[in-house]
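One structure is given here, and the rest of the page talks about it.
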Amino acid sequence: MDFLQPQGWARAKGYSNGIAATGRCIFVSGMIGWDREGQFHTENFAGQVRQALLNIVEVLAEANALPEHIVRMTWYVVDKKEYVAAYKEIGIAYREVIGRHFPTMTAVQVVALIEDQARVEIEVTAVVPALVLE
């Protein structure tokens, strides 16, 4: 996996501008902040982010993939201000669950998510390198 940082660009904070990767692709559907039984345990934005990330890691494990294999994340949030206000807590949850791996990321505000209690939905693409597959 190669992180793409064009010469002269300011370094991205908390994400990468681009990644080049070769291997087996894994696509994880949008994960929200409920547990494996479909129950929400918090309305807190950062708490839902933590659970969504834990869900992502669990799905990746089914494909023998790790968080460091993530190459792209797309975050759908229902309230941009709530998202921005929770940056610090999101960062803590992210580092605890994903580590210090920062793939390409996009975050967009949406009108609503399908599950009314959901504050955030995160989808992921991962690439497991050929060396890991052998």
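The values are calculated or read from the model by the stated rules, or taken from the named source; none is laboratory data. Values in this document were obtained by computation on a predicted structure and should not be read as measured data. Note: ideal-geometry Cβ built from the backbone for every residue, glycine included; neighbour counts use all protein chains shown.
List the number of the failed condition for Arg36; all other conditions in (1) in contact with a helix residue (DSSP H, G or I) (Cβ under 8 Å, 6 or more places away or on another chain); (2) surrounded by fewer than 19 Cβ atoms within 10 Å (Cβ to Cβ); (3) more than 20 Å from Thr125 (Cβ to Cβ); (4) at pLDDT 95 or above hold.
The one condition Arg36 does not meet is (4).
Considering only residues that are over 18 Å from Gly91 (Cα atoms) and without any contact (Cβ under 8 Å) to a residue 40 or more places away in the chain, which ones fall in the range 19-57?
Those that are over 18 Å from Gly91 (Cα atoms) and without any contact (Cβ under 8 Å) to a residue 40 or more places away in the chain: Ala20, Asp35, Arg36, Glu37, Gly38, Gln39, His41.
Of the residues Val71, Val124, which single one is modelled with pLDDT of 95 or more, closer than 22 Å to Met1 by Cα and in contact with a Cys (Cβ under 9 Å, 6 or more places away or on another chain)?
On inspection, the qualifying residue turns out to be Val71.
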